[in-house]
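Here the structure comes first, spelled out in structure tokens, and everything after it is commentary.
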Amino acid sequence: MIDKATIGRIMDAANIVEVVSEFVTLRRSGANYKGLCPFHNEKTPSFIVTPSRNTCHCFGCGKGGNPVNFIMEHEQMTYPEALRWLANKYHIEIQERELSKEEREAENDRESMFIVNERAAKYFEDILHNNVDGLAIGMQYLRSRGFRDDIIRKFRLGYDLAQADALPNQLLKEGFKEKYLLQNPDTGVGVGLCYKSERDGKLIDRFAGRVVFPWFSLSGKVVGFNARKLDSATKGVQQKYVNSPASAIYQKERELYGIHLAKKAMTQENNVFVVEGQTDVISMHQCGIENVVAGSGTAFSVHQTRTLRRFTSNITLIYDNDRAGKHAAMERIDMMLPEGINVRLLFLPEGEDPDSFARNHTAADFKKYIEENQKDCIQFKTDYLLQGVTDPVKRSEAINSIIRSLSLIPDNVVRATYIHDTAYRLGMSERVIIDQMNKMIRAGKEKGTTTSQGDTPGNTPAQQTPLQPATPIQRASMVEKMLVQMIIRHGDEVIYRDLETDDGNTINFNVAQYIAYDLGQDNLSFTNPLFNRILDEAVRHSDDEGFRAESFFLNHEDVEISKVANMLSVDRVQLSKSLQLSKDDDGLREQVIHLILDFRMDYVEEHLKELKAKFRNTADITEQMNIMQEIKDMQEIRNALAKRLGKNIVV
């Protein structure tokens, strides 16, 4: 773990212009720098680097942040990896806490396993390209599949000799320990390249006589292998493909084939294609489509979905156009929707799979087919389940399945849009769909089944809440953003000076303290938990010497907070100094007070809507009278707020 003092030195040393310049050609534009965005394709530069804030921001795709954010996004690194990258660039020694004996042993085992896998991958490659059998058998097979030599090298494909002792003998000769060649299922140590013969205890090569496909981690390390018997040898063989066994560095439900090569294209295209096999991935790359990955087998896990979600929320699933393909699609839809994924489906022409289709079409043809034939997941499910169904019971079962999928969508706005579209397709009332969906959500919460399949405690998606017929409070969301923007930009600036307290002392209020004080009077808070964290931290650090809110949040150790700070600290239009407004205490105070009043007005308006809906759904006279009194009280508060805001109220 990197200590906070070292993180501080790294953040102080990292210069955003120097860091971005290693990847983007920048030109000076006034006080800032401008270049073509590295995260999406563009012809006109919209990527702005601001030295004064030590941040970057793309006005086209919205990506950017401080130096750590940029390196994480561009190089697809974790937070610690990005810090180490910057530390190396600025020659800063990393100070990390000392690991325990057990932690050191585990780290050494993991590193040794990666080294063994890398050596094995080079061994398989060398056999394929330089050995007589490798060329005559392995290379001939790969070329017969239509793979070019440059693509074979790109994916580091290999061949394993048929002699079952050749690989273990070579690795043992080079000094690799036996425990790393085998697999210990209890400890996870060992990559399982070999297993022991029950007859004489000798090591036997697991992949002997097969073409080998290495699997790489996100950062490009070899985590495991998949090996295939050649066509001429598969007759009567039950296991055409053999995978590396599970280990501390490889669990097939967590890995994605081709992810290390697809990550940049996924970000630029803002989409990823998910196919079923590794040869599909290879053929699509050869065709010119690089934003493509595959799982291991037909199953797809929540973890794999979340890995892709780091790069894009748009996933297109490509399947064979048969019953098995459509069944697999149905399963993945309900697993991906809770993760906030925009799922689309593409079924290839009958008799085709991505491998064959890519080999027979150009990238332009393939992309054209995708654009013309991909379907939205809810649209597909509706068409598929209701096709030819006339029986009322079966139709109701199908509709309930569709509504259950809608209930999994975490974003209320997206969900409401789907409900409107689905109601039109089904010829049903939106009210009926909403009522049924809310029942499902509530029933799921009572049973504790609101998490996605494969979730583990502490790692669950945001739980869905019942959708009300009322329209989303878009304006309230904007007011929240503006208040938080005020906290980030001016949270440390004093707007009330020398206020006298009851005990005769005087205090000052800065922007963050005043917002927290005012909202706290009525126990109000932001709807976004991240915004509440920003306010709490701004107040907590207000008395720290040298505290500057904007710098603090832009360089925050929590990546999500620093991203929000970057987004809210950027001006859409860069004003010249002569046009910029001066900010004195009075002007800033008036803005803060006005925003808080707007926030309160939004809260009151929404509460009034809830009370009126409650009144309509209540038959009890006494309760109706109580609700009417609450409505009257809220209207008086609303009118008082409107008077202070200078607004006219229309009942």
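Some notes on this structure:
- Single unsatisfied condition, G190 versus (1) at pLDDT below 95; (2) surrounded by 14 or more Cβ atoms within 10 Å (Cβ to Cβ); (3) over 39 Å from the mean Cα position of the chain (by Cα): (3)
- Segment 365-383, residues that are open to solvent by less than 70 Å² (accessible area, probe 1.4 Å) and either of a type outside the set (K, R) or closer than 16 Å to P349 by Cβ (or both): F366, Y369, I370, N373, Q374, D376, C377, I378, Q379, F380, T382, D383
- Residue count for segment 611-632, restricted to those that are over 44 Å from the mean Cα position of the chain (by Cα) and open to solvent by 50 Å² or more (accessible area, probe 1.4 Å): 10.
- Cβ-Cβ contacts under 8 Å between residues 6 or more apart (or on different chains), taken from a first residue in segment 377-392 that is in a loop (DSSP other than H, G, I, E, B) to a second residue that is surrounded by fewer than 20 Cβ atoms within 10 Å (Cβ to Cβ), are listed as V389/R395; V389/A398.
- Among residues of segment 130-165 being in a helix (DSSP H, G or I) and in contact with a Phe, Trp or Tyr (Cβ under 9 Å, 6 or more places away or on another chain), the one that is surrounded by the most Cβ atoms within 10 Å (Cβ to Cβ) is G138.
- Filter pass, E81 being touching a residue at least 40 places away in the same chain (Cβ under 8 Å) and open to solvent by 60 Å² or more (accessible area, probe 1.4 Å): yes
- In segment 511-566, residue farthest from Y79 (Cα to Cα) [restricted to those that are exposed (fewer than 13 other Cβ atoms within 10 Å of the Cβ) and small (G, A, S)]: G520
- When K63, K43, K122, K154 are checked against the criterion of being over 26 Å from V223 (Cα atoms), charged (D, E, K, R) and at pLDDT 85 or above, K63 stands alone in meeting it.
- Residue count, segment 284-322 (criterion: in contact with a Gly (Cβ under 8 Å, 6 or more places away or on another chain), closer than 21 Å to I378 by Cβ and either open to solvent by 30 Å² or more (accessible area, probe 1.4 Å) or outside any helix (DSSP H, G or I) (or both)): 3
- Residue in segment 100-117 that is in a loop (DSSP other than H, G, I, E, B) and touching a residue at least 12 places away in the same chain (Cβ under 8 Å) present: no
- Considering E331, E269, E350, E339, the condition of being surrounded by fewer than 23 Cβ atoms within 10 Å (Cβ to Cβ), under 22 Å from G146 (Cα atoms) and of a type in the set (D, E, K, R) is satisfied by E350 alone.
- Conditions (1) in contact with a Leu (Cβ under 7 Å, 6 or more places away or on another chain); (2) open to solvent by 10 Å² or more (accessible area, probe 1.4 Å); (3) of a type in the set (V, I, T): number failed by I71: (2)
- L36 open to solvent by less than 20 Å² (accessible area, probe 1.4 Å) and modelled with pLDDT of 85 or more: no
- Close pairs (7 angstrom Cβ cut-off, 6 or more residues apart or separate chains): farther than 13 Å from S283 by Cα in segment 348-363, assigned to a loop (DSSP other than H, G, I, E, B) and of a type outside the set (F, W, Y) anywhere: L348/D320; L348/N321; P349/N321; E350/N321
- Unmet requirement for K122, which otherwise passes all of (1) closer than 18 Å to F213 by Cβ; (2) in contact with a Leu (Cβ under 8 Å, 6 or more places away or on another chain): (2)
- Selection of strands (runs of 3 or more DSSP E) fully inside segment 1-92 by the criterion of at least 2 residues being touching a helix residue (DSSP H, G or I) at 6+ places or on another chain (Cβ under 9 Å) and of a type outside the set (D, E) returns 32-35, 47-50, 55-58.
- Qualifying residue in segment 218-231 (condition: part of a helix (DSSP H, G or I) and modelled with pLDDT under 95): yes
- Taken together, the residues in segment 387-427 that are open to solvent by less than 30 Å² (accessible area, probe 1.4 Å) and not small (G, A, S) amount to 9.
The values are calculated or read from the model by the stated rules, or taken from the named source; none is laboratory data. All values reported here derive from a predicted model rather than from experimental measurement. Positions of Cβ are generated from backbone atoms using ideal geometry, with glycine treated the same way; all protein chains shown enter the neighbour counts. With ligands, DNA and RNA removed, areas are computed over all heavy atoms of the protein, side chains included. Shrake-Rupley method; radii C 1.70, N 1.55, O 1.52, S 1.80 Å.
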